[in-house]
Every structure is written in structure tokens, then in C-alpha cells.
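So the structure is just underneath, and the comments pick up after that.
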Amino acid sequence: MKMNPKLFFLMLIVAFAYHQTHAQKVGLVNKEWIDAMSQNASDTTYIINFWATWCKPCVEELPAFETIQKKYKDEKVKVVLVSCDFKKQLDSRVVPFIKTNGLKSEVVLMNETDPNSWIDRVDSRFSGAIPATLIVNGSKQFRFFKEGELTLTELDTIVSPLTK
């Protein structure tokens, strides 16, 4: 069966448009964003994980963050995955990684060329090693920071009381 070239072209455009509207957009953030996130007075619990596509421990713990996002989707809990990949790798590496791994949490990319300009803003104990996680809830005056991997059990133990 031969397909009409016009119909084929139309289907291709529709498929491309669907992909573009349903593909997750990755925002660029900077050190001021970190200040705003870590010092907010909101009653939302923000789980901010610093990771990279090339970091094996980072990639291994991502399912735990995805599970937490899904579990608390009806609560004031927001997972933000901050990619520390290079900006030039956004389209070639980060976006395909998000799609391949089906990430549903918000993903942003750190758009600062000098890590020393933002690392201390996350936490004074942050050496810059990833993975690292900052959890904040301004209205409850809660702040947690850990450099290194977090398990699903650890995350849930921290987040659960903040939803009550």
C-alpha cells in the first residue's frame, strides 16, 4: 500500500509537534536561583538534587527521587533535579537522558561557569561533589543537606513528617 506523500508529511509534522509539546523542557538556573530556593519562606518542601548524567551514583539514586515525587504528588512537595552537566551538553546529552529514563520531576541545568560562585550558596559543607541534596521547607524552618547518595527510605523518612 502506497502512502500519499502529503499525508505522510502531515503525519510527520503532527508527530513532531506532539513530541515538542510533551517533551520536558529544561530550564537554566544560576546562583540567584539557589538563593531563592534555599531561603524561601514557602510551605512547600523542595527537594533539590544536584546530579549529572555522567555520575554513576547520581544516576543510581534518581529513581528514589522520582518515587518521592510520585508518592507526594498531591502534597506540597516538589523535586527539582539540578543537572551539573555542561550547558553545551543540554540538547545532546541531558534532554535525551531525561527522555530515555522517563524522568517526570522538574529538571533544570546549572548555568554557571564557575562552580565556586554557587557551591557555598547551597550549603557551607558542600565540597562540590555530587550527588548532593538540599531539602528545605521555609515555613517549617527545615533545612537538610547531604553530600552523597540518599536511599528511598532515607528520603521518605525526611519528607514524610514535612507533609503533616
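The values are calculated or read from the model by the stated rules, or taken from the named source; none is laboratory data. Since the model is a prediction, treat every value here as computed from it, not as a measurement. Note that we place each Cβ from the backbone using ideal geometry, even for glycine, and neighbour counts take in every protein chain shown.
Things worth noting here:
- Odd one out for PRO63 among (1) under 18 Å from ILE135 (Cα atoms); (2) not in a helix (DSSP H, G or I): (2)
- When segment 27-50 is filtered for residues that are within 10 Å of MET110 (Cα to Cα) and not basic (Lys, Arg), the ones remaining, listed by number, are GLY27, LEU28, VAL29, ASN30, TRP33, ILE34, PHE50.
- Of the listed requirements (1) under 12 Å from the mean Cα position of the chain (by Cα); (2) within 20 Å of LEU150 (Cα to Cα), TYR72 misses just one: (1).
- Among the residues of segment 86-111, those that are over 22 Å from LYS73 (Cα atoms) and touching a residue at least 24 places away in the same chain (Cβ under 8 Å) comprise LYS87, GLN89, LEU90, ARG93, VAL94, VAL95, PHE97, LEU109, MET110, ASN111.
- Pair list, Cβ < 8 Å and 6+ apart or interchain, from segment 113-135 residues that are over 18 Å from LEU150 (Cβ atoms) to residues that are in a strand (DSSP E or B): TRP118/MET110
- Here segment 1-49 is the region considered, the condition is being of a type in the set (Ser, Thr, Tyr) and at pLDDT 50 or above, and the residue that is surrounded by the most Cβ atoms within 10 Å (Cβ to Cβ) is THR45.
- Matching residues, segment 31-57, being closer than 25 Å to ARG93 by Cα, part of a loop (DSSP other than H, G, I, E, B) and not hydrophobic (A, V, I, L, M, F, W, C): THR53
- One residue from LYS146, LYS140, LYS104, LYS78 being in contact with a Lys or Arg (Cβ under 8 Å, 6 or more places away or on another chain) and either over 16 Å from GLY27 (Cα atoms) or not in a helix (DSSP H, G or I) (or both): LYS104
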